[in-house]
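Here is the structure we will look at.
The values are calculated or read from the model by the stated rules, or taken from the named source; none is laboratory data. In this text, all values refer to a predicted model and were calculated from it rather than measured experimentally. Here the Cβ positions follow ideal geometry from the backbone for every residue, glycine too, while neighbour counts run over all protein chains shown.
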Amino acid sequence: MTAALTLESVSKRYGDFQAVRDLSFQVEKGQICGFLGPNGAGKTSTLRMILGLQPATTGRIEILGADDGRKVRDRIGFLPEERGLYKKMTPIDAIAFFGALKGLPQAEGRKRARDLLEQQGLGAARNKKMKELSKGMAQKVQLIASVVHRPEFVILDEPFSGLDPVNQQGLEAMIRGLAADGATVLFSTHVMQHAERLCDKVVLLARGRKAFEGTVTEARATSPRLLELEGEISTAAVAALPGVSAVEHTGGDEVGVRILKATLAPGAGGQEALKAAFLGGLDVRRFELREPSLHDAFIGLTGDHPDQDTSTKALEAAQ
């Protein structure tokens, strides 16, 4: 495959504060890549460097064959984290206006706007004022405005922020549609579930450094499988089961029933532990084997919770 985006040893410093440290990764043409990390991990600084909105302190960035995002800006679509459309404009006017900024003729922009609004169930709202739309509807309009010129590369900064589950699903469908039409998509998020459902590849960022680059399956494989057991059982009894490497008491009630989470050693499947629990007469009322999630992998790889805010005042000021 051919890389649509390449970063080599990219760093960004704001005065004495190092926001991004020696970051290298690639996104191939046609991929959906999740750029993941807690708030303040350096995601927005990196996206701004990719777009050419701010220079890298050190390192090399290449996007769509150019060494500066500004040289290919008409081939890029960008949805910033800071939302905002003119409140008195209608969706069709706003979309056509942003298309014109990318070189799209006004008539063609309005035609595409009508078609895209219909596809997203917003046809009836096309002539309403932006201020009359719900947050989810307005966010869809802004995404349409960022891709109406049919860009080759789409960059979305925290696109799911503030949306309800229904609108999150709709936005996921839009992102899949962009990739199906041939676009390369890079989106930042700190919500692992979206990346788990959407991404061909993920890049995990923690404290400005790359912690992982690969597929979702490869990321999950870095974390152990888990067993959850419920019953009148002791921590020591579960710890003695074959394949169990650690046990944590996570809940229960006042009559002796406990919920324990057991971490399995690499390669352990859980069946031997279940068999041993049965043969040993343990009072296990529920026995559940759970595959690691991307959330589990993120915590294991970075030591951070993805919703944790790791920003500092310096980073907040810079971003």
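Below, the figures for the structure above:
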item: Lone qualifier among GLU118, GLU172, GLU108 - being assigned to a helix (DSSP H, G or I), in the same structural domain as ILE63 (by TED's automatic domain parsing) and either under 28 Å from LEU5 (Cα atoms) or touching a Lys or Arg at 6+ places or on another chain (Cβ under 7 Å) (or both); result: GLU172
item: Any hit, segment 82-91, residues being out of contact with any Cys (no Cβ under 9 Å at 6 or more places or on another chain), outside any helix (DSSP H, G or I) and polar (S, T, N, Q); result: yes
item: Failed item, numbered, when GLY208 is tested on (1) at pLDDT 90 or above; (2) at positive phi; (3) surrounded by fewer than 19 Cβ atoms within 10 Å (Cβ to Cβ); result: (3)
item: In segment 215-231, residue nearest to ALA3 (Cα to Cα) [restricted to those that are modelled with pLDDT of 90 or more and exposed (fewer than 15 other Cβ atoms within 10 Å of the Cβ)]; result: THR215
item: Selection status of ARG290, within 30 Å of ALA19 (Cβ to Cβ) and within 26 Å of the chain's Cα centre (by Cα); result: no
item: Subset of segment 234-258 that is modelled with pLDDT under 90 and of a type in the set (Val, Ile, Thr) - its residue that is farthest from the chain's Cα centre (by Cα); result: VAL255
item: Every residue from segment 244-294 that is surrounded by 11 or more Cβ atoms within 10 Å (Cβ to Cβ), free of Cβ contacts under 8 Å to residues at least 60 places away in the same chain and part of a loop (DSSP other than H, G, I, E, B); result: VAL257, ALA265, ALA268, GLY269, GLY270, GLY280, LEU282
item: Matching option when the condition is within 26 Å of LEU294 (Cα to Cα), in a strand (DSSP E or B) and either assigned by TED's automatic domain parsing to the domain that holds LEU101 or modelled with pLDDT of 95 or more (or both), among GLN18, GLN26; result: GLN26
item: Within segment 134-169, tally of residues that are assigned to a helix (DSSP H, G or I), touching a strand residue (DSSP E or B) at 6+ places or on another chain (Cβ under 7 Å) and of a type in the set (A, V, I, L, M, F, W, C); result: 2
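Matching residues to (1) surrounded by fewer than 24 Cβ atoms within 10 Å (Cβ to Cβ); (2) at pLDDT 95 or above; (3) within 18 Å of LEU198 (Cα to Cα):
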{"site": "THR6", "(1), (2), (3)": "yes, yes, no"}
{"site": "GLY37", "(1), (2), (3)": "no, no, yes"}
{"site": "GLY40", "(1), (2), (3)": "yes, no, no"}
{"site": "THR46", "(1), (2), (3)": "no, yes, no"}
{"site": "LEU51", "(1), (2), (3)": "yes, yes, no"}
{"site": "ALA56", "(1), (2), (3)": "yes, yes, no"}
